[in-house]
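Chemist: If you scroll down you'll find the structure; I have some questions about it.
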Amino acid sequence: MIRAVLNTNVRSLATYGEPIECPHVANVFVRAAIKPEGNCAQIFSQGEEGKFAPLVSQFILDEIADVLARPHIQKKYRAQVTASKRERYLEAIPQVAEVVQVITSVAEIGEDPEDNPILACGVDGEAEYIVTGDPHLLALGTFRECFINR
């Protein structure tokens, strides 16, 4: 089973040779909430089937909640991100993703310290991959035996 931290700005994931496409500058979980029948939502089915182990931390869960509550997301996707749907969706994530208890402190990226909790989640979750489009994370290539790629 592939263990991976899914960060914002995910462009695509390749799981068992089949690409799961997600638009650039979009959080894979946010895109799955907005379009439950879309490609990003396939990650949930992969997780439910035990083929893929998405890893999240409280920091990532808080980020997802924040993005879903942003006014421009609320306006554009009004029917998909109602308060009740957001709540149900946020409750569903820990059922398909492993919530990592982050204890490691990371200060690797000085230019954007908000990226460091993503690295810490990868370390404590023993991730094989961090999938991201973030240029600061991608510039590392690897971090403590965890591959960072798009």
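The values are calculated or read from the model by the stated rules, or taken from the named source; none is laboratory data. As the structure is a computational prediction, the values presented were derived from the model and not from experiment. So basically every Cβ, Gly included, is an ideal-geometry build from the backbone, and we count neighbours across all protein chains shown.
Chemist: Do we find a residue being touching a Pro at 6+ places or on another chain (Cβ under 9 Å) and at pLDDT below 85 anywhere in region 71-84?
Modeler: Yes - at least one qualifying residue is present in region 71-84.
Chemist: How many residues, within region 62-82, are more than 25 Å from residue 117 (Cα to Cα), hydrophobic (A, V, I, L, M, F, W, C) and either free of Cβ contacts under 8 Å to residues at least 12 places away in the same chain or surrounded by fewer than 15 Cβ atoms within 10 Å (Cβ to Cβ) (or both)?
Modeler: Matching residues across region 62-82 total 1.
Chemist: When only residues in region 108-150 that are more than 20 Å from residue 58 (Cβ to Cβ) and of a type in the set (S, T, N, Q) count, which is surrounded by the fewest Cβ atoms within 10 Å (Cβ to Cβ)?
Modeler: Filtering first and then ranking leaves 142.
Chemist: Of the conditions (1) modelled with pLDDT under 90; (2) more than 24 Å from residue 34 (Cα to Cα); (3) surrounded by fewer than 18 Cβ atoms within 10 Å (Cβ to Cβ); (4) not basic (Lys, Arg), residue 105 satisfies every one except a single condition; which number is it?
Modeler: Every listed condition holds for residue 105 apart from (1).
Chemist: Okay, moving on. Exactly one of these conditions fails for residue 25: (1) in a loop (DSSP other than H, G, I, E, B); (2) at pLDDT 65 or above. Give me its number.
Modeler: (2)
Chemist: Go through region 32-41 and report how many residues are at pLDDT 70 or above and surrounded by 19 or more Cβ atoms within 10 Å (Cβ to Cβ).
Modeler: Total meeting the criteria: 3.
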